[in-house]
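Read the structure below first, then the notes.
Please treat every number below as a calculation from the coordinates, not as lab data. Remember, predicted model here, so these are calculated numbers, not experimental data. FYI the Cβ positions are ideal-geometry reconstructions off the backbone, even for glycines, and counts take in every protein chain you see.
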Amino acid sequence: MRISVLCSDEKHPINAYLLEWIEQRSANHSIELVRRKDKLSGGDILFLISCSELITKAERNKYKASLVIHASDLPKGRGWSPHIWQILEGNEDITVSLLEAEDKVDSGRIWKKVSFKVSSNALWDEINESLFKVEIELMEFAIREFSTVEPQEQSKQFAATYYPKRTPADSQVDPNRTIAEQFDCIRVCDPNRFPAFFKLRGRKYIIKLEKVDE
């Protein structure tokens, strides 16, 4: 199969998983990893992985299937960084949806859903590892079941909900509140890209968590 993977940010932590997957599958498939949609060459499957560009219908039509992987139980949780918002809401079960890309964000037909658990002490890198493994699992499913999958419309039993785009302000913690109160906010922050921080006595301080075995 001819497969394109569009991942906009070359610094996104999923890239290591994508590169390993591409290396493992390149013997049986022609796979390209690109950063911009104008580099897409067309083919059988387009995977949109942490893609920040809008892909038009004309661009999607260059492929037999254009697929998005979104970390929520759609139609609930459309929008930005859904697994982060869900963890901040106290959820420990995260559903990841494989769906068809459409003009209206996160509205396409569902190919498959897979869930994973997030323990209450998991840090950002552990959360990422669990999520990225599921994303690779869904990509494998799409290739394996490409000719037999029966996509399903998103449920009409629930109204669609939307998460906003996270900003640096969402990583700010309050030095006057306890660590326990703000632990979820701190642990979901990627210290390399979007570190948790606080301001005190005229300065800004970055917080980095490391789990230590006793």
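What angle, in degrees between 0 and 90 and rounded to the nearest 10, separates the Cα long axis of helix 124-144 from the longest principal axis of the Cα atoms of the chain?
Its long axis makes an angle of about 10 degrees.
If you bin every alpha carbon distance in the range 1-90 into 5 Å steps from zero, what whole percent lands in each bin?
3, 13, 22, 22, 19, 13, 6, 2, 0
Show the residues, 5+ positions off or on another chain, whose built amide H is closer than 5 Å to the amide H of Gly43.
So Gly43 has HN proximity to Tyr63, Lys64.
Would you please put 129-142, 156-169 in order of how densely packed they are, using the mean number of other Cβ atoms within 10 angstrom per residue and starting with the highest?
Descending mean neighbour count gives 129-142, 156-169.
Quick one: 3J(HN,Hα) in Hz for the range 46-52, Karplus 6.51/-1.76/1.60 with θ = phi - 60°, rounded, Gly and Pro as x.
So the J values, rounded to whole Hz, are 10, 9, 9, 10, 6, 9, 9.
So if I place +1 on the C-beta of Lys and Arg and -1 on the C-beta of Asp and Glu, and nothing else carries charge, what would the dipole magnitude of the chain be about its Cα centre? I want it in debye, nearest 20.
780
What label, among [x] 36, 18, 17; [y] 33, 19, 17; [z] 24, 20, 17, belongs to semi-axes √(5λ) of the Cα gyration tensor in Å computed from the structure on display?
Among [x] 36, 18, 17; [y] 33, 19, 17; [z] 24, 20, 17, the one derived from this structure is [y].
Among residues other than Thr161 whose Cβ falls under 12 Å from its Cβ, what is the net charge (Lys/Arg +1, Asp/Glu -1)? Mind showing how you got there, number by number?
Working: positive: Lys76, Arg78; negative: Asp73, Glu89, Asp106.
After counting each charged neighbour, the total is -1.
With the Cα gyration tensor of the range 94-214 in hand, convert its eigenvalues to equivalent ellipsoid semi-axes via √(5λ) and list them largest first in whole Å.
The answer is 36, 18, 12 Å, longest axis first.
Just Leu98, Leu33, Leu19 to compare: in a GNM of the chain, with alpha carbon springs under 10 Å, which one fluctuates most?
Between Leu98, Leu33, Leu19, it is Leu19 that shows the largest mean-square fluctuation.
To the nearest 500 deg cm²/dmol, what mean residue ellipticity at 222 nm is calculated for the chain from DSSP H runs of n ≥ 4 alone, each contributing -39,500 (n - 2.57), summed and divided by the residues? All intermediate terms of the calculation are to be shown ahead of the outcome.
Working: 5 runs with 52 residues, N = 214.
Dividing the helical sum by the residues of the chain leaves -7000 deg cm²/dmol.
Excluding Val173 itself, what net charge comes from residues whose Cβ is under 13 Å from its Cβ, given Lys and Arg +1 and Asp and Glu -1?
Within the 13 Å Cβ shell, the charges total +1.
Taking the highest mean first, how do the peptides 201-210, 108-117 order by number of other beta carbon atoms within 10 angstrom per residue?
Order by mean packing, descending: 108-117, 201-210.
Need the list of lysines near Lys39 for cross-linking: C-alpha distance under 22 angstrom, and skip anything on the same chain fewer than eight residues off.
List returned: Lys11, Lys57, Lys62, Lys64.
Give me, ordered by chain and number, the residues 5 or more places off Lys112 or on other chains with an amide H under 5 Å from its own placed amide H.
Leu98
Which Cα, out of His29, Ser81, Asn128, lies furthest along the positive dipole direction of the range 1-140 (beta carbon charges, K/R +1, D/E -1)?
Checking the options against the dipole of the range 1-140, the answer is His29.
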